[in-house]
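Here's the structure, in structure tokens; my notes come after.
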Amino acid sequence: MASNYNRKSASSGSRRKPATRSGGASAYSTGRGASRQQPRSQATRGRSSAPRSRQAGGYGAPRGGRQVTSVRIGDIDQVTRNARAQKTYRRYIIRIGLIIGLIGALAIGGAVVYNSNLFTVTNVTVTGVEHLTATEMTELASVPAGTTLLRVDAGGIKERLLADAWVLDASVNRIFPDTLELAITERTIAAVVSVPIDSAQTTEDWAIASDGTWLMAIPAKGSEASKTISQKVYEDAENVLHISDVPLGVSPEVGAHCTDANVNNALDIVSGLTTELADQVKSVKATETSSTVLTLENGIEISFGEAGTTEEIRNKERVILQLMEENPGTIAYINVRVVDRPTWRSL
């Protein structure tokens, strides 16, 4: 009996020994348990890792635990545009600041120069005068001593120059660094009017402009008063129209406009004629408007009458020229006061 038990024990031990060599019963059982449980563990790990992958950035996350974030192309473009706009805005602000600074510096510099003694006027020149003198214009301008080209009252100077009857227009020009130029445009003498004075016992010659402005009384040539008058005045007086037989009561005043109808009628006639006939008119008798008489250089007298419109003047002129052409050297007198019924008289 004993021997049988021992053999069983031995056989049992012989069956357990392989397990002992592989690490014992516990190791064996553990190995078998591990082999059975391994699929579950992997499945479990698979199921538990899936949510982590989705939480980290969605499906398809790369192995190794790296996180991936998706960005739309439009968002990238918007960021680029915003950065570009901010850069442009900063440049704009900088430019505005520079411009404001420059303007401020210029304003301060200009104020300093304006109130300084730079560009002091030391020379005054006069241009465009023939009947006036440069000295007269300089005295009339009255440029204050010590004034500068920047502070000079150009408007006041021009106003004082225009107060002279001869001055039709004037401009005050600054020529740096120290010269002030007075550019004058003079009126010209259109006629010399013999104005009766002293109850018509004597007459006085007055220069009158084409716009009817009385320019000056012309002193007798060679008199003491004539020494202060420009010789250009006397040259023009000899070559322009002379208006005579003016009725008593005409009162010329330097710089004033002529208000006498007879004198103005004579001026209108001559200014309305063409060059061909106007150059031949030597004098005009302006006793009455309706009986104004022109005297030509060849001695022909023309009873012209009222000037009327420009067209009426031209019509009378055509009749005069036609009669003179048809009767060369034989006419002494022409009457065109009624233009459609002219009359003439031979020598």
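Taking the condition of being part of a loop (DSSP other than H, G, I, E, B), open to solvent by 30 Å² or more (accessible area, probe 1.4 Å) and of a type in the set (A, V, I, L, M), how many residues in the range 209-239 meet it?
Going through the range 209-239 one residue at a time, the tally reaches 2.
Just checking, which of S116, S142 is loosely packed, with under 13 Cβ neighbours inside 10 Å and at positive phi?
Selected residue: S142, the only one of S116, S142 that is loosely packed, with under 13 Cβ neighbours inside 10 Å and at positive phi.
Please find, within the range 240-257, the residue that is least open to solvent (accessible area, probe 1.4 Å) out of those that are touching a residue at least 24 places away in the same chain (Cβ under 8 Å) and at positive phi.
G255
Which residue, of D279, D340, is within 49 Å of the chain's Cα centre (by Cα) and surrounded by fewer than 18 Cβ atoms within 10 Å (Cβ to Cβ)? Working first, answer last.
On the way: D340 fails: within 49 Å of the chain's Cα centre (by Cα).
On inspection, the qualifying residue turns out to be D279.
Can you tell me which residue in the range 316-331 is least open to solvent (accessible area, probe 1.4 Å), limited to those that are in a loop (DSSP other than H, G, I, E, B) and more than 19 Å from D279 (Cα to Cα)?
Here the answer is N327.
Looking at the range 324-343, which of its residues are touching a residue at least 24 places away in the same chain (Cβ under 8 Å), over 14 Å from I269 (Cα atoms) and touching a Ser or Thr at 6+ places or on another chain (Cβ under 9 Å)?
Selection gives I331, A332, Y333, I334, N335.
Output the number of residues of the range 153-175 satisfying the condition of being over 22 Å from the mean Cα position of the chain (by Cα) and closer than 22 Å to L118 by Cβ.
Number of matching residues: 2.
Does the range 268-281 contain at least one residue that is modelled with pLDDT under 95, of a type in the set (S, T, Y) and assigned to a loop (DSSP other than H, G, I, E, B)?
Yes; the residues of the range 268-281 include at least one that is modelled with pLDDT under 95, of a type in the set (S, T, Y) and assigned to a loop (DSSP other than H, G, I, E, B).
Given the criterion assigned to a helix (DSSP H, G or I) and crowded, with 16+ Cβ neighbours inside 10 Å, identify the matching residue among I334, I302, I313.
I313
Can you name the residue in the range 282-299 that is open to solvent by less than 30 Å² (accessible area, probe 1.4 Å) and in a loop (DSSP other than H, G, I, E, B) and, of all such residues, is farthest from R345 (Cα to Cα)?
A286
Give D260, D198, D268 a once-over and let me know the one that is more than 41 Å from the chain's Cα centre (by Cα), acidic (D, E) and buried (at least 16 other Cβ atoms within 10 Å of the Cβ).
D260
Is there any pair with a first residue in the range 312-323 that is free of Cβ contacts under 8 Å to residues at least 40 places away in the same chain and a second that is open to solvent by 90 Å² or more (accessible area, probe 1.4 Å) whose Cβ atoms are under 9 Å apart and which are 6 or more apart or on different chains, and what are they?
Every condition considered, the pairs that remain are E312/E306; N315/D340; K316/R337; V319/D340; L323/W344.
Kindly evaluate A190 against the criterion of being surrounded by 19 or more Cβ atoms within 10 Å (Cβ to Cβ), among the hydrophobic types (A, V, I, L, M, F, W, C), within 19 Å of A286 (Cα to Cα) and touching a Ser or Thr at 6+ places or on another chain (Cβ under 6 Å).
On the way: surrounded by 19 or more Cβ atoms within 10 Å (Cβ to Cβ): yes; among the hydrophobic types (A, V, I, L, M, F, W, C): yes; within 19 Å of A286 (Cα to Cα): yes; touching a Ser or Thr at 6+ places or on another chain (Cβ under 6 Å): yes.
Against the criterion (surrounded by 19 or more Cβ atoms within 10 Å (Cβ to Cβ), among the hydrophobic types (A, V, I, L, M, F, W, C), within 19 Å of A286 (Cα to Cα) and touching a Ser or Thr at 6+ places or on another chain (Cβ under 6 Å)), A190 qualifies.
If you go through the range 119-138 one residue at a time, how many are part of a helix (DSSP H, G or I) and exposed (fewer than 15 other Cβ atoms within 10 Å of the Cβ)?
2
The values are calculated or read from the model by the stated rules, or taken from the named source; none is laboratory data. Worth saying up front: this structure is predicted, and the values here are computed from it rather than measured. Glycine gets a Cβ as well: all are built from the backbone with ideal geometry, and neighbour counts include every protein chain shown. Surface areas here come from the heavy atoms of the whole protein model, side chains and all, with no ligands, DNA or RNA. Shrake-Rupley method; radii C 1.70, N 1.55, O 1.52, S 1.80 Å.
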